[in-house]
Amino acid sequence: MRTYRELFRTQEFLPFFTTVSVQVAAQTAAGLALGTLVYAATGSPLLSALAVFGPSLAQVAGALTLLSAADRLPPRATLTGLALLFALGTGVQAVPGLPLWAAFTVLLGLGVASSLGGGVRYGLLNEILPQRGFLLGRSVLNMAVGTMQILGFAVGGVLVTALSARGTLLVGAALYVVAAALARFGLTARPPRATGRASVRETWRTNALLWSSAPRRSVYLALWVPNGRVVGCESLYIAYAPAHAGLLFACGAVGMLTGDALVGRFVPGRWRARLGAPLRLLLAAPYLVFALDPGLPAAVVAVVLASVGFSASLLLQERLMALTPEELSGHALGLSSSGMLAMQGVGAAVAGSVAQLTSPGTGMAAVAALSLAVTVALAPGLRAGRGRGAEGRLQGEGSPRTTETKETTTS
């Protein structure tokens with residue numbers, strides 16, 4: 001599967017794509033509104049960063065307790081229920097006079113639920129698409145995220161001005177209800193991918209199984225840590241340029257969309273193995289310029305260039321699927337998503353803490369430098385795992401999911 005036409009002709013992909021897109025729009029607009037509300041109330045770069053990216057920290061709790069359910073629950077019902085839960089939580093955050101601690105409690109609770117949603121969602125994508133369609137399908141979803149972030153941040157910024165931050169939160173809640181309806185009436189009822197009872201013990205057992213493979217471990221770390229540090233840079237957009245934060249977020253989404261389009265559709269398989277490391281370096285390097293407190297035009301250029309580097313995650317996810325048995329695909333992808341988002345929350349906390357003591361620009365440059373250092377440190381482990389394929393599996397795990405060509409699963 002190499003064309004977008006083939007992809008969208010695949011049964012169920014279009015309603016799945018639409019459901020994810022609407023949910024991202026809801027999350028983007030609501031996150032910007034809540035971050036603006038918190039910054040206006042507190043004037044704190046740290047708290048505003050955590051308001052936008054704090055749910056990511058709660059992904060750790062979900063990854064340690066809920067992920068075994070990702071392959072053991074019916075996907076359609078689970079995605080519908082989670083969207084309604086997010087609608088309720090977002091509506092609660094719009095209540096006037098809601099204490100700050102209560103808003104953050106709701107935020108963290110929704111973050112825990114998100115860890116389950118990521119596993120169910122991307123495990124279902126693995127079922128909907130044929131084996132050779134995963135990379136293209138995942139790149140299109142990433143492009144949808146980028147597009148909806150552009151629209152969400154742009155429209156969200158307008159709505160915050162026109163309706164107020166609380167009014168924008170209510171719009172976000174309504175979009176979550178739309179996403180729930182799309183999931184319920186657009187997706188086919190499917191049985192769970194795995195049998196057995198979901199439990200905390202089973203979650204820990206499978207996490208340990210996935211983590212015990214050295215090649216998979218290197219891929220997970222490369223997916224989580226450099227990415228998370230760079231999202232720490234993004235978490236400071238509101239503090240760095242309060243009047244232009246929506247523009248910076250939208251420009252970052254443009255860069256991400258461009259990178260995913262190039263890597264997912266146009267980069268030949270023989271080049272992918274060579275592009276992984278440069279893309280991970282590009283992800284962080286442009287943010288070093290923020291140490292000089294650049295003006296808005298230079299900041300926009302840096303943000304767009306850096307965001308192209310997010311496409312490195314496509315190559316790593318393809319490699320992860322080649323190293324993982326299909327019956328664990330939902331759990332493996334959920335762990336990938338939860339770990340990435342958790343590290344994004346850590347990145348936001350670190351960047352916000354540095355900015356609190358220094359300045360937003362210094363905080364952005366500091367976490368970018370950390371991302372570069374981690375990328376360099378992980379390079380030997382990723383090179384050592386090239387071409388190992390099934391050697392990265394534990395005995396008894398089952399067969400790995402194949403991709404378009406075995407050698408293209410490296411990064």
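Computed values, structure above
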quantity: Any hit, segment 201-216, residues being over 30 Å from VAL376 (Cβ atoms) and hydrophobic (A, V, I, L, M, F, W, C); calculated: yes
quantity: Filter result for LEU320 (without any contact (Cβ under 8 Å) to a residue 60 or more places away in the chain and out of contact with any strand residue (DSSP E or B) (no Cβ under 8 Å at 6 or more places or on another chain)); calculated: no
quantity: Criterion (crowded, with 24+ Cβ neighbours inside 10 Å and under 22 Å from the mean Cα position of the chain (by Cα)) met by exactly one of LEU328, LEU315; calculated: LEU315
quantity: Spans of helices (runs of 4 or more DSSP H) in segment 2-105 with at least 1 residues of a type in the set (D, E, K, R); calculated: 4-9, 75-93
quantity: Lone unmet requirement of (1) under 19 Å from the mean Cα position of the chain (by Cα); (2) buried (at least 18 other Cβ atoms within 10 Å of the Cβ); (3) over 16 Å from ALA26 (Cβ atoms); (4) modelled with pLDDT of 85 or more for ARG138; calculated: (4)
quantity: Segment 9-23, subset under 16 Å from ILE150 (Cβ atoms) and of a type in the set (Val, Ile, Thr), residue nearest to the chain's Cα centre (by Cα); calculated: VAL20
quantity: Residue ID - most open to solvent (accessible area, probe 1.4 Å), chosen from residues in segment 143-156 that are touching a Leu at 6+ places or on another chain (Cβ under 7 Å) and not hydroxyl-bearing (Ser, Thr, Tyr); calculated: MET143
quantity: Meets criteria (in a helix (DSSP H, G or I), open to solvent by less than 20 Å² (accessible area, probe 1.4 Å) and in contact with a Pro (Cβ under 9 Å, 6 or more places away or on another chain)) for GLY334; calculated: no
quantity: Filter pass, LEU79 being touching a residue at least 24 places away in the same chain (Cβ under 8 Å) and under 19 Å from the mean Cα position of the chain (by Cα); calculated: yes
quantity: Residue, nearest to LEU37 (Cα to Cα), within segment 184-214, restricted to residues that are open to solvent by less than 10 Å² (accessible area, probe 1.4 Å) and in a helix (DSSP H, G or I); calculated: THR203
quantity: Residue within segment 124-132 that is open to solvent by 50 Å² or more (accessible area, probe 1.4 Å), modelled with pLDDT under 90, within 27 Å of THR258 (Cβ to Cβ) and in a loop (DSSP other than H, G, I, E, B) present; calculated: yes
quantity: Selected residue (criterion: farthest from GLY119 (Cα to Cα)) from residues of segment 161-183 that are more than 24 Å from the chain's Cα centre (by Cα) and either open to solvent by less than 50 Å² (accessible area, probe 1.4 Å) or hydroxyl-bearing (Ser, Thr, Tyr) (or both); calculated: THR161
quantity: ALA103 being touching a helix residue (DSSP H, G or I) at 6+ places or on another chain (Cβ under 8 Å) and within 22 Å of ALA332 (Cα to Cα); calculated: no
quantity: Identity of the residue in segment 263-295, among the charged types (D, E, K, R) and either buried (at least 16 other Cβ atoms within 10 Å of the Cβ) or in contact with a Lys or Arg (Cβ under 9 Å, 6 or more places away or on another chain) (or both), that ends up modelled with the highest pLDDT; calculated: ARG280
quantity: ARG72 being touching a helix residue (DSSP H, G or I) at 6+ places or on another chain (Cβ under 7 Å) and among the basic types (Lys, Arg); calculated: no
quantity: Any hit, segment 380-390, residues being at pLDDT below 80, at negative phi and touching a strand residue (DSSP E or B) at 6+ places or on another chain (Cβ under 9 Å); calculated: yes
quantity: Total residues in segment 57-92, condition open to solvent by less than 10 Å² (accessible area, probe 1.4 Å), of a type in the set (S, T, N, Q) and under 22 Å from VAL177 (Cα atoms); calculated: 1
quantity: So ALA373, is it of a type in the set (Gly, Ala, Ser) and either surrounded by 15 or more Cβ atoms within 10 Å (Cβ to Cβ) or at pLDDT 90 or above (or both); calculated: yes
quantity: Test: residue in segment 296-303 that is closer than 13 Å to PRO226 by Cα, at pLDDT 85 or above and in a helix (DSSP H, G or I); calculated: no
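Yes/no per residue for (1) of a type in the set (Lys, Arg); (2) over 30 Å from GLY35 (Cβ atoms); (3) touching a residue at least 40 places away in the same chain (Cβ under 8 Å):
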residue: LEU236; (1), (2), (3): no, no, yes
residue: GLY259; (1), (2), (3): no, no, yes
residue: PHE266; (1), (2), (3): no, yes, no
residue: LEU275; (1), (2), (3): no, yes, yes
residue: LEU282; (1), (2), (3): no, no, no
residue: LEU296; (1), (2), (3): no, no, yes
residue: VAL304; (1), (2), (3): no, no, yes
residue: PHE310; (1), (2), (3): no, no, yes
residue: LEU328; (1), (2), (3): no, yes, yes
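The values are calculated or read from the model by the stated rules, or taken from the named source; none is laboratory data. Computed from a predicted structure; not experimentally measured. Cβ: placed from backbone, ideal geometry, glycine included. Neighbour counts: every protein chain shown. To get the accessible areas, we keep the full protein, side chains included, count just its heavy atoms, and leave off ligands, DNA and RNA. Shrake-Rupley method; radii C 1.70, N 1.55, O 1.52, S 1.80 Å.
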